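Enquirer: My questions will all concern the structure given below.
Bear in mind that the values in this text are calculations on the coordinates, not laboratory data. This structure is a prediction, so every number in the text was calculated from the model and none was measured. Using ideal geometry, Cβ is built from the backbone for each residue, glycine included, and neighbour counts are taken over all protein chains shown.
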Amino acid sequence: MSGRPVPSRRTVLRTAALTPVAGIGLAACSPGDDGAAPATPTAPVDLGVDGEVAKGATKLHRDQNVVVSRAQDGSLKAFSTVCTHAGCPIKKLEGTKLVCPCHGSEFDARTGEVLHAPADVPLVQLPVEVKQGRIIVSPGT
Ligand code: FES
């Protein structure tokens, strides 16, 4: 005998159950704060008074995962801010650039285009209209 105790099957199983699994603790890379996948609107959502988004302005609605911008001609565009790389909600807007916290992808909030990888698919555009002076964004198709 070597003098070293041989672990019982129960000890091995208990140790395995308590050993952290790689990947746990990477909360910053999880899609949603509550573990659920982030969602864009599933029904039309009121994003406030039309006048809140001036020409050339961009506004991020973090709770709804939507960004709205108004071009110089007055037209509105809206995009889902669920990252097309791995589904993280994008909560950071720097000027007109959306920055994903998970792996650093960047998107143009006015066009949805990818500015920086790893994402290689533009953000999903959402229908947007003004009804009775309010900005209404509808679910994408
Ligand atoms: Fe990977 Fe956004 S989820 S960069």
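Enquirer: Highest mean first, how do 108-116, 89-97, 77-85 rank when packing is the count of other Cβ atoms within 10 Å averaged over residues?
Expert: The most tightly packed comes first, giving 77-85, 108-116, 89-97.
Enquirer: At a 10 angstrom cut-off on C-beta neighbours, averaged per residue, how do the peptides 51-60, 67-76 rank from highest to lowest?
Expert: Details: 51-60: 14.0, 67-76: 15.8.
For the peptides 51-60, 67-76, the packing ranking is 67-76, 51-60.
Enquirer: What are the residues whose amide H is under 5 Å from the amide H of residue 48, where those residues sit 5 or more places off or on another chain and H is modelled from the backbone?
Expert: Under 5 Å from the amide H of residue 48: 135.
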